[in-house]
Amino acid sequence: MGKFITFEGIEGAGKSTALEFMQKCLQKNGIEVVVTREPGGTKISEAIRKLLLDHNDEVMAADTELLLYFASRAQHIAQVIKPALAAGKIILCDRFTDSSFAYQCGGRGISEKRIEILEQWVHQGLQPDLTILMDLPVSVGRERAKKRSALDRIEVEQNSFFEKVRAHYLKRAEKYSKRFRVVDASVPLSQLKKTLQNIINEIVGA
């Protein structure tokens with residue numbers, strides 16, 4: 001069987017940079033890698049992503065947001081993740097269900113139990129083998145995000161929202177410490193790559 005590796009963190013944490021570095025390192029070792037993202041990863045899921053992240057005159061209800069994320073996830077699991085795992089491939093995924101707990105529970109205040117019900121229904125027992133949490137102060141991440149591109153519907157939230165999201169991520173990392181690796185994403189890139197390389201060495205058994 002393959003391995004399912006997810007990357008989590010607030011906006012501007014450098015998930016894409018870390019994922020790309022790991023992808024190149026694994027491929028150099030001759031390992032077949034599937035790179036995907038959430039929301040997204042399939043045609044239907046990408047359409048839902050656009051609905052979730054684009055700005056709209058109509059305010060999206062928190063429950064609508066949560067259900068759309070899981071609708072996208074259900075399609076993603078069925079069409080991409082499960083087939084790739086069955087084929088023995090390593091999957092590198094930019095965000096997964098830990099994001100729903102961090103953003104919709106931590107940020108929006110939706111009950112964790114309600115999200116757990118959706119998780120059980122949609123996952124059918126599936127969980128990441130490894131989750132890399134790119135952690136850094138909210139102020140640093142937001143400055144990075146502003147320089148990157150125009151802010152989407154989620155990225156325009158206030159700092160207080162992202163503080164709650166970050167706190168919930170760290171809470172989950174402590175609760176599921178065997179699965180999580182918390183990486184200091186505020187360090188220089190050279191230092192970050194050394195940390196990621198150590199994680200890669202664990203994966204390939206170096």
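Take the Cα of Val156, step 7 Å along the line toward its Cβ, and report every residue of segment 37-71 whose backbone nitrogen sits under 12 Å from that point. In segment 37-71, the label zone of Val156 (backbone N under 12 Å from the point 7 Å along Cα→Cβ) covers 53-60. When you restrict to C-alpha pairs under 8 Å that are six or more residues apart and normalise by the size of segment 3-204, the relative contact order lands at 34 percent.
Projecting the Cα atoms of Gly12, Gly88, Ser72 onto the charge dipole of segment 3-204 (Cβ charges, centred on the Cα centre) puts Gly88 farthest toward the positive pole. For segment 3-204, the residue among Asn56, Val183, Val165 whose Cα projects farthest onto the positive side of the dipole built from Cβ charges is Val183. When the inverse distances between all different Cα atoms of segment 3-204 are averaged and flipped, the Kirkwood radius reads 17.3 angstrom.
For segment 18-69 versus segment 135-198, the spacing of their alpha-carbon centroids is 16 Å. Of Pro188, Pro83, Pro39, the residue with the greatest mean-square motion in the GNM of the chain, using alpha carbon springs below 10 Å, is Pro188. Here segment 49-206 is treated with +1 on each Lys and Arg Cβ and -1 on each Asp and Glu Cβ, and its dipole about the Cα centre works out to around 440 debye. Only the Cβ atoms of Lys and Arg (+1) and of Asp and Glu (-1) were treated as charged; on that basis the dipole of segment 120-193 about its Cα centre amounts to roughly 80 debye. Applying a DSSP loop filter and a limit of 10 other Cβ atoms within 10 Å to the GluC sites (Glu not before Pro) in segment 25-95 leaves Glu58. Amide H to amide H, with H built 1.01 Å from N, Val35 comes under 5 Å of Leu92, counting only residues 5 or more places away or on other chains. Comparing segment 61-142 with the 2.2 N^0.38 Å rule of thumb, its C-alpha radius of gyration ratio is 1.18 (two decimals). Our estimate of slack between Thr17 and Val35, defined as 0.36 nm per intervening residue step minus the Cα-Cα distance, is 5.2 nm. The residue list Ile115, Asn201, Ile154 was ranked by how far each Cα lies along the charge dipole of the chain toward its positive end, using unit charges on Cβ atoms, and Asn201 comes out on top.
Read-outs: derived from the displayed coordinates by stated rules, not from any lab. No experiment lies behind these values; they were computed from the predicted model shown. So basically every Cβ, Gly included, is an ideal-geometry build from the backbone, and we count neighbours across all protein chains shown.
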